[in-house]
1. Mind checking which residues of the range A:116-130 are of a type outside the set (A, V, I, L, M, F, W, C), within 11 Å of chain B (Cβ to nearest Cβ) and buried (at least 24 other Cβ atoms within 10 Å of the Cβ)?
2. Out of curiosity, is residue B:386 within 10 Å of chain A (Cβ to nearest Cβ) and either among the hydrophobic types (A, V, I, L, M, F, W, C) or under 30 Å from residue A:164 (Cα atoms) (or both)?
3. For a quick check of your reading of the model, give me the residue pairs whose first member lies in the range A:40-65 and is at positive phi, whose second is of a type outside the set (Asp, Glu) and modelled with pLDDT under 90, with beta-carbon atoms closer than 9 Å and at least 6 apart or on different chains.
4. Could you identify the single residue in A:606, A:618, A:585 that is over 19 Å from residue B:288 (Cα atoms) and surrounded by 12 or more Cβ atoms within 10 Å (Cβ to Cβ)?
5. Somewhere in the range B:496-503, is a residue within 12 Å of chain A (Cβ to nearest Cβ) and either buried (at least 17 other Cβ atoms within 10 Å of the Cβ) or not in a loop (DSSP other than H, G, I, E, B) (or both)?
6. Of the residues in the range B:140-156, how many are touching a residue at least 60 places away in the same chain (Cβ under 8 Å) and within 20 Å of the chain's Cα centre (by Cα)?
7. Give A:99, A:133 a once-over and let me know the one that is away from chain B (no Cβ under 12 Å), under 20 Å from residue A:234 (Cα atoms) and buried (at least 24 other Cβ atoms within 10 Å of the Cβ).
8. Among the residues of the range B:348-365, are any surrounded by fewer than 24 Cβ atoms within 10 Å (Cβ to Cβ) and either within 11 Å of chain A (Cβ to nearest Cβ) or in contact with a strand residue (DSSP E or B) (Cβ under 9 Å, 6 or more places away or on another chain) (or both)?
Amino acid sequence: MDTIYLLIVLAPLFGAIAAGLFGQQLGRTGAHTVTVAGVAVSFLLSLVVFWHHVFGGGGVYNETVYTWLVSDGIRFEVGFLIDNLTALMMLVVTFVSLMVHIYTIGYMHEDPGYQRFFALISLFTFSMLVLVMANNFMQLFFGWEAVGLVSYLLIGFWFKRPTAIHANLKAFIVNRVGDFAFVLGIAAIVFYTGSLDYATVFGQAEGMSQAGISVLPGTEWSLLTVACILLFIGAMAKSAQVPLHVWLPDSMEGPTPISALIHAATMVTAGIFMVARMSPLYEFSVTALGFVLIIGAVTAFFMGLVGLVQNDIKRVVAYSTLSQLGYMTVALGASAYAAGIFHLMTHAFFKALLFLAAGSVIMAMHHEQDIRRMGGLRKYMPITYATALIGSLALIGFPGLAGFFSKDGIIEAVSLSEIPGAGIAYVLILLGVFVTALYTFRMFFLVFHGEERFRHAAPGTDHDHGHDHDGHGHGLQGDPKESPWVVTVPLILLAIPSVLAGYFVGPLLFGDFFAGVIHVDETRDVLARLGESYTGVMGYITHGLAMPPFWLAMAGLATAWYVYTKRPDIADNARRRAPWAYDLLNRSYGFDQFNDVVFARGTQRLGQWLWRFGDTLLIDTTLVNGSARVVGWASRQVRQVQTGYVYHYAFAMIIGLLVLIMAFAF
Amino acid sequence: MFADWPLLSLVIWTPILGGLIVLTMGDRMPEASRRVGLAFAVLTFLVSIPLFTLFDRGTHEMQFVEMIPWISTFNIHYHLGVDGISMPLILLTTFTTVLVVIAAWEVIQYRVSQYLAAFLVMEGLMIGVFSALDAVLFYVFFEAMLIPMFLVIGIWGGPNRIYATLKFFLYTFLGSVFLLIGLIYLYTQSGSFAILDFHHLPLGMTAQTLIFLGMLLAFGVKIPMFPVHTWLPDAHVEAPTGGSVILAAIMLKIGGYGFLRFSLPIAPDAAMALDWLMVTLSLIAVVYIGLVALMQQDMKKLIAYSSIAHMGFVTLGFFIVFMIYNNTGSWQGAALGISGGMVQMISHGLISAAMFLCVGVLYDRMHSRRIADYGGVANTMPWFAAFFVLFAMANTGLPGTSGFVGEFMVILAAFRADFWIALLAATTLILAAAYTLWLVKRVVYGEVANDNVAGLTDVNRREFWVLGVLAFAVLLLGVWPAPLLDVLAATVDNLVRHIAVSKL
């Protein structure tokens, strides 16, 4: 099997190198052929691996590929750990990546950076695979930062736009704040275990939970708790949890295919994957779990609210992604890791679908992204419409679609959880269901139903920044057109698992799919308790129909339908009645302003002061040039002595002689 | 076949001889001077390769040893030899010099032969510093090396070069005077100038402390450490590209090398007693200098400050070892810190060389180092932009590039000493990303800022290969650092064993 794993990882890397370095020679067709082929190979082989491990009884593969370095008895290695969790992630990553590769052929058709784009998304696929297949913390960190790098390069893909290059710098630095904590978490683990290898580290988790570390003088915390929280801060940046979420909405400056692949389906879920992978560690720290739970719940609800006031189609989906990542995080905090991973998978399908559908709409609208200037697209874009409907229903958790199974699993699990904070978290994620349905169908109705507002959108009016992306004017000439097949086929292929993926709820949540991979302490095993009443898919659906999440989702959908197709004045009224609330949401609670003033400008001012005062004034002017001046002054004084008159010197000699004689005499 | 050749003498004297030959060729045939200079640089590099391939990784003993009496009256020898610490630095020197000679090709038109001669002679002297095992021989190389650099900055430098050269020379000279006093004191105690004899010389605490502080002045200025770092930004700004490359890639490393060859093994008890000072200064370098780097308006100054911050990691790795011992009661993790510092030195040699060469590429076209004069370079120089972003990422310590390896090891080691030290050290992840990528944003990205940028031409073939070779080296060391660590292991382990034993 070794060769297969290597091939899976290296095929996209090969494609990336070929398209990146020899894009000119290969041409456009050559570049997309070689990268699509690379990812297709990865996907097909991932299928083989999945089959082998899940159905073929392949067991767990854990081998070193090569030794990166050895120092002081610590082995830094590169290797693969393939179990059911990895196999599932590989399948999700390569499938969505393949869809996005194909879609890109249509979406980036006219872009001058065509080859560069393909090289980067293939490089991303490579990095993400390295991340999920790692069997040690060093490689995990490599993948972790490598996906961040590609994300940086792709957000700034259109590097002429000031907004894009602001967004990518912001994304990288916020992620670095997370990585800063992440690397300290790894250091804490290596400190205790002396190893980077997952298996060795997990074996010592219990001992580590009893070891203490004095972070603040006079306090003694569990080393494991400190390590877990530090690792999770890394996940908060990567998976965009409050307050490190600020980069994700801005990342929408990148081309839509990467919003689907990187900023919805795969990279942002790396944090979720990481915590699930580390379940043998997190299970020994209730404190860390409680922290995870609260952060997740806050993100799930409050970021969903912001989605209600967004008018850029991509930003609505972006805030939805934040909220859904919050749901996954809540699941992790409640020790329902499997539910988190399950939602990760279903979300990857339906959110990638929604993003790509949004991209299809954006193409038809000639790069208009404001949903207030759309409407009535249903009859012009039937395939996009149908697939977007499936994606939206899956997102709000409509019974029978993928999102229903995974989200219900999370909500039920949290309701059973006894971790501190679980009560509040339950309320937040329950309300979040209503919010999800409301923002999702607000967007859906505004885009596909109602009046065809794009016809009379005059150019240059009510111009929000960043919309006039490629210099196309507003106001369409003629009817919008459905996108070409390279765009619609991926939509259809993603719509299929958006419906069907949920039916694996039995083995994934309540079965032994993750046995031996995800470790849950028996006292906290909420999924096992849920599983006791699990009688099959149909029972799960009918049970769901009687539960509050379903009714909340329907209420949200109905509200959206009424407000945005029947009585548009209600929304305007609400905005007028509570301008402060609208303002608060529109500014996304002011995180950006705060960071800008305190961190960005504060750091710059501090740096400026240290430079001007410390280096220039204190060291250079005062000490260095000052001592030079002192030497100069002193030598000028001493020079006075050298008068050149013989009698002065003779006088000095006589005095000196007298002093010496006195000294010897007494 | 090379095993019984005097390899070290060859790598020292081949470039010096080459330099003298180029010098005698004069300015009448610049093209021929370039070819001869390149031939000698390449030849030196080739001669240095057996040092790596024939190196015995299993021992900490000195290898390729040569010893001839020099001044018998004072027991001074022409004594050369390398171990795992010095050998990689010699290879870095021979490798970098080849690149510097190529990078100067069309760029230097003024007194070509003298320029090339200065670099070739400097190469030989720097290799002499790394391979000398006799303190007097070391000191001669250590001081002589300043002269060509002084000339390079003073003749081919920028408008404010006189201030910069004086500052550079006085700073480094002041430091080395104290080193000389220390070395003479050690001679009076041991009756020998052999550096390895100094290692085993028992010394009292006062003597150790004074020697340590004297050497700290010498090596702390060189590397440089806060607060004696301000000569470096000035020197870099005024130096021609080649001078900056050698200064950053090799000369700073001589300070780090000095700590490992002299300070730690000769005065381990003083180093342990003063570790708080060393660690504090190192952390100031990482945090304070990182913040100062953020606000620089001049590309070379920014990279110079970034160098100081990265060297802070080197000294942190070297001196954290005593804190690890105090905290955990074991020397486990000490070799990780010292090796990490060494890897950081080699890696920084490659990355800073690449960054300065990149700035040189821009400067040759625009004759400006001001960040504000640029913007949107990627539009007109796509290949250059790709290289610049790669090296910038390496500078931020991205895994997969060499910049990550040393930082990661030092952070892992620092955590064994203290949580807060590791935390402050790890701020480099944020700060380095901030100052480096902000530079990238302002220079490389964006719309074409002005007509000058619009008229830029992408890297030519010569520049492409120079940057390409460095990119390859940076990635290779990032993906597979094991060969370097294998070379270091025996020597570093021995050093840790050595400093673990008190001399009192």
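The values are calculated or read from the model by the stated rules, or taken from the named source; none is laboratory data. Since this is a predicted model, take the numbers as computed values, not measurements. Note: ideal-geometry Cβ built from the backbone for every residue, glycine included; neighbour counts use all protein chains shown.
1. Taking the range A:116-130 as the starting set, the residues that turn out to be of a type outside the set (A, V, I, L, M, F, W, C) are A:116, A:122, A:125, A:127.
The next check asks that each one be within 11 Å of chain B (Cβ to nearest Cβ); those that pass are A:116, A:127.
If the condition is that a residue be of a type outside the set (A, V, I, L, M, F, W, C), within 11 Å of chain B (Cβ to nearest Cβ) and buried (at least 24 other Cβ atoms within 10 Å of the Cβ), then A:127 is the only one that fits.
2. Details: within 10 Å of chain A (Cβ to nearest Cβ): yes; either among the hydrophobic types (A, V, I, L, M, F, W, C) or under 30 Å from residue A:164 (Cα atoms) (or both): yes.
Yes: the conditions hold for residue B:386.
3. A:59/A:53
4. Numbers: A:606 fails: over 19 Å from residue B:288 (Cα atoms); A:618 fails: over 19 Å from residue B:288 (Cα atoms).
Residue meeting the stated conditions: A:585.
5. Residues of the range B:496-503 within 12 Å of chain A (Cβ to nearest Cβ): B:496.
Restricting the remaining residues to those that are either buried (at least 17 other Cβ atoms within 10 Å of the Cβ) or not in a loop (DSSP other than H, G, I, E, B) (or both) gives B:496.
Within the range B:496-503 (the criterion being within 12 Å of chain A (Cβ to nearest Cβ) and either buried (at least 17 other Cβ atoms within 10 Å of the Cβ) or not in a loop (DSSP other than H, G, I, E, B) (or both)), the answer is yes, since at least one residue qualifies.
6. Keep residues of the range B:140-156 that are touching a residue at least 60 places away in the same chain (Cβ under 8 Å), which gives B:142, B:145, B:149, B:152-153, B:156.
The next check asks that each one be within 20 Å of the chain's Cα centre (by Cα); those that pass are B:142, B:145, B:149, B:152-153.
The total comes to 5.
7. On the way: A:99 fails: under 20 Å from residue A:234 (Cα atoms).
Within the list A:99, A:133, the selection yields A:133.
8. Looking for residues that are surrounded by fewer than 24 Cβ atoms within 10 Å (Cβ to Cβ) and either within 11 Å of chain A (Cβ to nearest Cβ) or in contact with a strand residue (DSSP E or B) (Cβ under 9 Å, 6 or more places away or on another chain) (or both), one finds none in the range B:348-365, hence no.
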